[in-house]
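Since every read-out is calculated from the coordinates, none of them should be taken as a lab result. Computed from a predicted model, the values in this text were never measured in an experiment. In this analysis, Cβ positions are derived from the backbone assuming ideal geometry, glycine residues included, and neighbour counts consider all displayed protein chains.
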Amino acid sequence: MHNTYTLTSKTYIDLDQPEIYQRFMQEYLELLRSKLQQYKIMDQNGDLREIRYSCGQDHDPRNPNWKPFQYLEQICRKYGYDDMEARDVIEDQIGRRLVCECLLFDG
Ligand SMILES: [Zn+2]
């Protein structure tokens, strides 16, 4: 079995490589798109302008139904990554802090 230190290193070592990070994010975003609630935003002509995603929960720590990074945890488990560290790397890459993974699609 790996110890925590090895797992911790693996997250940074792997995700520090652009190809691995890109592949990881592609799979993660695909998972989110398939799981999150989708809202289609139409323009005045009824054409699709953009698709927004939401976890459907209030982003409030007191909300017991709110699971901010459940799909990140799921995908990290698959690869043996530490989800807090993966979140760190993602926030670094996109240049902002995330309260919830559904906000990855904003901006
Ligand atoms: Zn959310």
Note the angle between two axes, namely the Cα long axis of helix 4-15 and the longest principal axis of the Cα atoms of the chain, as a number of degrees from 0 to 90, rounded to the nearest 10.
50 degrees
The chain: relative contact order as a whole-number percent, Cα under 8 Å and 6+ apart
30 percent
Folded to 0 to 90 degrees: helix 83-94 orientation relative to the chain principal axis, Cα:
60 degrees
Met84 versus Gln44, label points 7 Å from Cα toward the beta carbon: distance in nm?
5.1 nm
Among Ser9, Gly56, Phe105, which residue has its Cα positioned farthest towards the positive end of the charge dipole of the chain, with +1 placed on the Cβ of Lys and Arg, -1 on the Cβ of Asp and Glu, and the dipole taken about the Cα centre?
Gly56
Run the Debye formula on the Cα coordinates of the chain, all scatterers equal and no solvent, and tell me log10 I(q)/I(0) at q = 0.20, 0.23 1/Å.
-1.10, -1.31
In degrees between 0 and 90, to the nearest 10, how far off the longest principal axis of the chain does helix 18-35 point, with axes built from Cα atoms?
50 degrees
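In the chain, how many lysine pairs have Cα atoms under 22 Å apart, counting only pairs 8 or more places apart or on different chains?
On the way: Lys10/Lys78; Lys35/Lys67; Lys35/Lys78; Lys67/Lys78.
For the chain, qualifying lysine pairs total 4.
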List the cysteines in the chain whose Cβ has no other cysteine Cβ under 4.7 Å from it.
Cys76, Cys100
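Show that you can apply the helix-only estimate: for the chain, add -39,500 (n - 2.57) for every DSSP H stretch of four or more residues, divide by all residues, and state [θ] at 222 nm to the nearest 500.
Numbers: 4 runs with 52 residues, N = 107.
So the calculated ellipticity at 222 nm is -15500 deg cm²/dmol.
In what sequence do Val99, Val89 fall when counting other Cβ within 10 Å, fewest first? Don't jump to the answer; show the numbers that get you there.
Numbers: Val99 12, Val89 18.
Final ranking by Cβ density, sparse to dense: Val99, Val89.
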